[in-house]
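The values are calculated or read from the model by the stated rules, or taken from the named source; none is laboratory data. Since we're looking at a predicted model, the values are computed, not measured. We place every Cβ from the backbone using ideal geometry, glycine too, and count neighbours over all the protein chains shown. Ligands, DNA and RNA are stripped out before the accessible areas are found, and what is left, the full protein with its side chains, is counted by its heavy atoms. Shrake-Rupley method; radii C 1.70, N 1.55, O 1.52, S 1.80 Å.
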Amino acid sequence: MKNSKLSEENPVTEKRKNAILRHVKKLQEEKPANQKLRMNKILRQVIKLQRESEEKGKLEAMKELEEEKERVMVKKFLEEVLIEKEKELERDNKFREENQLMKKLYPNAYRLSKSICQLFDRDSSDSYSPENFQKVKSYAKIAIDVFNQRQAIKYSVVDVIRASSHMDTGRMVNLTFTAKPDDSEDEDVKTFGANIHYGFNKPFRVTRVAYSST
């Protein structure tokens with residue numbers, strides 16, 4: 001059964017095996033004087049066949065080892081993703097608990113925190129510090145970097161139109177800004193809208209970024 005499987009997988013090996021059998025048959029028919037030469041030829045064929053079998057075994061073992069390594073890597077990646085998701089869920093639950101506690105102990109402060117805070121408005125008569133403008137512009141850069149990962153055309157931020165924030169299981173920043181493709185003319189400027197979420201011990205996360213009509 002094993003030889004049958006080997007011949008199906010490797011016709012060259014089957015051909016060499018048949019050649020050995022033919023030499024053995026001729027050896028039985030030949031005179032003793034010629035048997036030594038025939039035996040040496042058979043021995044060389046047997047050694048060659050053995051080496052081919054060993055090589056095939058090594059290749060199969062290497063393939064199995066690579067497949068096992070790949071399975072281990074995939075398993076490790078999935079475990080890391082699961083751990084990170086559990087940590088994120090734990091942080092969200094902790095923030096919700098703190099949020100509910102603040103709502104219960106300091107209702108007035110909680111209502112104030114839920115109100116929308118205007119961070120920047122380009123068209124407003126109110127004055128904003130350069131530091132504040134650079135802060136909201138950095139938010140816009142974070143958003144456009146995420147947008148650039150989704151397509152071939154890369155955009156750069158031109159200006160921030162307005163920015164506001166409010167509490168929502170963390171701090172949510174709402175942005176409207178302009179950007180244009182790299183190495184393009186000013187008339188190619190487009191308006192974007194974006195939402196960025198962050199919180200205590202949580203990185204910035206762009207939950208929405210897209211072309212906007214306003």
Inter-site label distance for VAL189 and ASP123 at 7 Å from Cα along Cβ, in nm: 1.4
Grab the other residues whose beta carbon is less than 13 angstrom from that of VAL146, score K and R as +1, D and E as -1, and report the net. +4
For a quick protection proxy, order the peptides 46-55, 171-180, 59-68 by their average other-Cβ count within 10 Å, most packed first. 171-180, 46-55, 59-68
Given the pairs LYS94/LYS141; LYS94/LYS180; LYS135/LYS180, which span a C-alpha to C-alpha distance of over 31 angstrom in this model? LYS94/LYS180
So, R0 is 22 Å and r is the distance between the beta-carbons of GLU84 and VAL146; what FRET efficiency does that work out to, to 0.05? 0.75
In whole percent, how big is the carbon plus sulfur part of the accessible area of the range 129-214, probe 1.4 Å, protein atoms only? 50
